Amino acid sequence: MALLVTIGIVFGDIGTSPLYVMKAITGVNGNYNADYIIGAVSCIIWTLTLQTTLKYVVIALRADNKGEGGILALYSLVKRLPRKWLYIPAAIGASTLIADGVITPAVTVTSAIEGVTVLDQSAPVVPIVIVIITAIFFVQQLGTKAIGRWFGPFMLLWFLMLGVLGSMHIGDAPSILKAFNPYYAVKVLVDYPFWFLILGAVFLCTTGAEALYSDLGHCGRMNITYSWIFVKIMLILNYLGQGAWLIASTPAAAGVNPFYAIMPAGFLVPGILMSTGAAIIASQALLSGSFTIFSEAMGLDFWPRLKVKYPSALKGQLYIPLVNTFLYVGCIVTVLLFRTSSAMEAAYGLAITITMLMTTVLLGFYLRHKGVAKWIVTLFMVSFLILESVFLVSNMFKFMHGGWYTLLLAGIVCGVMLVWRRARNIRNSYIEYRDFDSYLDIIRDICNDREIPKYASNVVYISKSESPEKVESKLLYSIINKHPKRADHYWVIRVHYDDAPETLEYSSRILIPHTLISVDITIGFRIQPQVSVYLRQIVEDLVASGDIDLTSRYPSLREHGIPGDFRFIIIHRLFSASSNCPASCRMVMSMYGFLRHMGLSDERALGLDTSSVTVENVPLIINTNTSRRIIRR
């Protein structure tokens with residue numbers, strides 16, 4: 001059963017590649033012959049073997065972050081290494097994968113629906129594609145629990161259909177079996193001066209490999225590995241069958257999509273319906289992967305906090321409305337801009353090649369960190385960097401034919417990631433921290449000073465400090481100097497976002513008995529923060545253990561056992577115009593201020609009850625140059 005679920009979730013993208021790969025290859029050379037087709041199919045077989053099987057299934061799936069896969073999960077495993085620049089390939093790889101997530105539903109659904117033109121040349125392909133894509137994106141907010149159970153059986157039938165249709169036509173030209181010999185792959189690249197265009201088309205067969213790695217957390221390594229054996233056999237059989245049909249049908253096959261051509265005439269309508277269903281499932285899987293990437297990016301401080309919904313109880317099922325809207329608009333623009341799958345194929349593959357290169361870089365550092373011999377890591381990195389660089393060069397020729405579009409999308413996403421991370425680092429480096437212990441006596445005295453009006457029974461501060469011994473100077477200023485805040489209890493909460501997906505735990509320290517409590521909450525990147533709820537549960541534990549008495553200290557309320565009220569205080573640091581810093585720093589912080597409006601406010605991001613939250617704005621002054629001091633006369 002687990003293998004069936006894996007087939008339905010993981011292999012949708014790579015499993016729909018036969019819809020357009022051979023059509024793209026024949027589009028490169030309209031005067032192809034048997035040697036050309038055999039060589040191209042050989043390139044496909046060995047690309048699936050080296051790139052997908054060896055790199056991703058055998059090696060990358062072992063690099064899991066507590067069961068999670070994908071380039072950002074991989075970055076989580078190496079981010080503490082001395083090489084601090086590794087966040088750059090992580091951001092580039094994640095952004096290009098998102099760009100691929102925009103164009104994949106468009107090219108897959110369009111390729112499937114274009115099969116209708118075999119029956120009716122005047123069929124309105126673009127309107128049908130837009131309706132289907134709109135439905136795919138609309139259903140995201142509802143979750144896929146109701147229809148997800150059918151993904152596995154449907155994709156099993158899809159892959160069986162690929163294998164059977166391909167097997168039926170291998171006999172048309174048995175010479176196609178020479179494609180298993182890598183000699184013919186090398187020969188076609190040597191014999192044809194436009195080898196780079198051939199590789200650009202061949203690369204489309206492995207574009208789903210990165211998504212396969214990203215889905216590790218949904219299915220597990222062994223399920224993906226065993227399922228891939230079956231999937232790869234079915235894919236290769238279909239490519240062999242299409243190739244054999246092309247050899248036997250030359251030159252009558254010119255301009256025909258061999259995927260539909262190898263179908264019996266009576267099976268064409270069911271085949272088109274199956275293709276459409278597989279395209280929808282592939283799109284759904286890629287969208288779920290995109291939501292996961294943004295969720296991880298928020299946890300790793302690459303992206304502003306966004307509203308996350310959980311439409312079903314399925315593991316890993318989440319929905320981010322703003323991301324869904326962004327991907328939908330990008331997908332519709334793709335369809336309207338390119339209109340045909342052939343035009344989309346010209347733009348497809350460039351962005352994902354960059355993702356694969358970045359994954360190779362991070363994998364190399366991960367393998368070395370895990371103790372793999374240096375010569376093995378070097379061999380791995382050199383081999384795959386050369387292979388993927390060749391694919392990148394081949395795909396760069398797509399730039400003027402539409403590749404610019406995916407790179408533009410990737411550039412926008414990557415720009416936001418890098419600016420956000422850089423600004424957060426600058427901001428955090430200029431926050432002043434002080435030892436908490438030095439201020440415990442004065443906080444105790446404020447609590448006992450009846451001359452100071454009581455601010456609330458419980459005052460809760462959200463701290464950014466990584467250490468429980470340190471606290472922001474502005475937080476202390478808020479308690480002591482800025483209208484001293486007397487309370488029965490002070491809570492200082494630090495929220496840490498963990499690299500692991502499902503972590504939800506806390507620890508607490510009593511700094512002043514029955515007065516000051518420090519709490520550390522650790523949340524996994526797939527957990528929706530709900531600090532108000534968590535604090536209520538923590539309070540219940542501390543009351544039960546006798547560490548704190550939550551009953552109000554107002555005599556009239558205490559007599560009836562009524563607990564005291566809670567008020568949350570968030571200190572928001574605003575970049576000050578009086579900062580004396582370089583123009584580049586000023587620009588980054590200004591962009592950060594703009595990007596903050598794209599995400600949730602701090603109180604909503606933390607899941608606080610907004611009716612009891614006070615936001616105190618304080619200036620963030622960045623001085624990197626010595627300021628001139630005014631002179632007394």
message: Considering only C-alpha atoms, what is the centroid distance from segment 295-370 to segment 384-398, in Å?
response: 20 Å
message: I'd like the accessible area for M400, computed on protein heavy atoms only with a 1.4 Å probe and all protein chains in place. Round to 10 Å², please.
response: 150 Å²
message: Let me make sure I get this right: for segment 52-205, a, b and c are the square roots of the gyration tensor eigenvalues over alpha carbons, sorted descending. Under 1.5 in a/c it's rounded, otherwise prolate if a/b > b/c, else oblate. Which is it?
response: oblate
Fraction of accessible area attributable to carbon and sulfur, the chain (%, probe 1.4 Å): 62 percent
message: Using a 4.7 Å cut-off between beta carbons, which cysteines in the chain end up with no partner cysteine at all?
response: C43, C205, C219, C331, C414, C447
query: Candidates (1) 254; (2) 189; (3) 293; which is the computed volume of the Cα convex hull per residue in Å³?
result: (2)
- request: Might you work out the accessible area of C43 for me, using a 1.4 Å probe with all protein chains in place, and round it to the nearest 10 Å²?
  value: 10 Å²
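I need to check one value: relative contact order of the chain, counting alpha carbon pairs closer than 8 Å and at least 6 residues apart, in percent. Let's see the in-between values first.
Working: 1017 pairs, mean separation 119.5, N = 633.
Answer for the chain is 19 percent.
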task: Can you send over the solvent-accessible area of F326, 1.4 Å probe, protein chains only, in Å² to the nearest 10?
output: 70 Å²
Residue-normalised accessible area of the chain, given per residue in Å² at a 1.4 Å probe: 42 Å²
- line: Taking Cα atoms only, helix 374-396 is inclined relative to the longest principal axis of the chain by an angle, in degrees rounded to 10, of 70 degrees
- prompt: If one computes P(r) from the Cα atoms of segment 24-82, what percent of pairs lie at distances over 15 Å?
  reply: 64 percent
query: How would W303, W46 rank on accessible area, largest to smallest, probe 1.4 Å?
result: W46, W303
query: Between the helical axis of 321-338 and the dominant principal axis of the chain, each derived from Cα atoms, what acute angle in degrees is found, rounded to the nearest 10?
result: 30 degrees
field: Separation between Cα centres of segment 544-583 and segment 21-51, rounded to whole Å
entry: 66 Å
- request: Treating the angle as unsigned and between 0 and 90°, give the value, to the nearest 10°, between the Cα long axis of helix 87-113 and the longest Cα principal axis of the chain.
  value: 50 degrees
message: Is there a quick way to get the dipole size of the chain? I mean about its Cα centre, with the Cβ of Lys and Arg at +1 and of Asp and Glu at -1; what is the value in debye to the nearest 20?
response: 1600 debye
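Kindly work out what percent of the DSSP beta bridges joining two residues of the chain are antiparallel, to the nearest 5. Don't skip to the answer; put the middle values down first.
On the way: 14 of 44 bridges.
The answer is about 30 percent antiparallel.
The values are calculated or read from the model by the stated rules, or taken from the named source; none is laboratory data. Computed from a predicted structure; not experimentally measured. A quick note on method: Cβ atoms are made from the backbone with ideal geometry, for glycine too, and the neighbour counts reach across all protein chains shown. To get the accessible areas, we keep the full protein, side chains included, count just its heavy atoms, and leave off ligands, DNA and RNA. Shrake-Rupley method; radii C 1.70, N 1.55, O 1.52, S 1.80 Å.
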